[in-house]
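The values are calculated or read from the model by the stated rules, or taken from the named source; none is laboratory data. Nothing here was measured: the structure is a model prediction, and the numbers come from that model. For neighbour counting, all protein chains shown are included, and Cβ atoms are generated from backbone atoms with ideal geometry for every residue, glycine included. What goes into the accessible areas is simple: the full protein's heavy atoms, side chains included, and nothing from ligands, DNA or RNA. Shrake-Rupley method; radii C 1.70, N 1.55, O 1.52, S 1.80 Å.
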Amino acid sequence: VHHGRNALVKPPFRGEAWEEVSPDLTTNDPARLTTGKGGDGNIQFCTITTLDESPLVEGLLWVGTDDGNVWLTRDGGKKWTLLNARIVGNPGHWVSRVLASALDPGTAYVAYTGYRSDDFRPYVYKTTDYGQTWTSLAAGLPAGPVNVIREDRRQPRLLFAGTDFGVYATLDGGSAWTRLETGMPTQ
């Protein structure tokens, strides 16, 4: 089990203690950190918001933060790679989800939500080479924050995206999205 704060931690033995397996993975921006004097609001910035370990390769971890960072480690946390500059069109927003593929260890998905910055465009990306290059999958998704992306466990071209306004599916790996409507609640 892993737990995120500004660094990633895990218990070496049954949760009796926790050890850091990463440096601070956030921007550690003083302007966004709490002052401890009250009035900081209900959101603690500069934190890990999403993480996923590959179900295929132990120690292959993908991490996203609320200040826009996307990280990868392939060795359980000994070496970390910041992937932001490799994501063309990276908005630098809250990373709402990282998802390690259950079908290919080099494949992962990232979704961002920009509503805290009044940016309501959809942001979804895919890599197939451990984060070296990324492709946007947002074409065809309507305006609205994307909160989650999921890949079918048997068919890699079948993807689902959950937004603030509905659930969408694609049968072709993200080229065309269809809203799932019949009886599906939006709120």
Residue in segment 146-156 that is modelled with pLDDT under 95, crowded, with 21+ Cβ neighbours inside 10 Å and not β-branched (V, I, T) present
no
Considering only segment 157-175, state which residues are exposed (fewer than 15 other Cβ atoms within 10 Å of the Cβ) and at pLDDT 95 or above.
R157, L171, D172
Of the residues in segment 1-26 that are open to solvent by less than 50 Å² (accessible area, probe 1.4 Å) and not in a loop (DSSP other than H, G, I, E, B), the one that is modelled with the lowest pLDDT is G4
Pick from segment 72-92, criterion in contact with a helix residue (DSSP H, G or I) (Cβ under 9 Å, 6 or more places away or on another chain) and either among the hydrophobic types (A, V, I, L, M, F, W, C) or within 16 Å of L25 (Cβ to Cβ) (or both), ranking: surrounded by the fewest Cβ atoms within 10 Å (Cβ to Cβ):
G92
The lone condition A138 fails out of (1) open to solvent by 20 Å² or more (accessible area, probe 1.4 Å); (2) more than 26 Å from H2 (Cα to Cα) is (1)
Looking at segment 112-119, can you tell me whether even one residue there is within 16 Å of the chain's Cα centre (by Cα), closer than 19 Å to D52 by Cβ and surrounded by 15 or more Cβ atoms within 10 Å (Cβ to Cβ)?
yes
Quick one: is D118 at positive phi and out of contact with any strand residue (DSSP E or B) (no Cβ under 8 Å at 6 or more places or on another chain)?
yes
Select from segment 147-187 the residues that are under 12 Å from P122 (Cβ atoms) and part of a loop (DSSP other than H, G, I, E, B) and list them in ascending order.
D164, F165, G174, W177
Scan (1) open to solvent by 40 Å² or more (accessible area, probe 1.4 Å); (2) in a strand (DSSP E or B) for the single condition P55 breaks and write down its number.
(2)
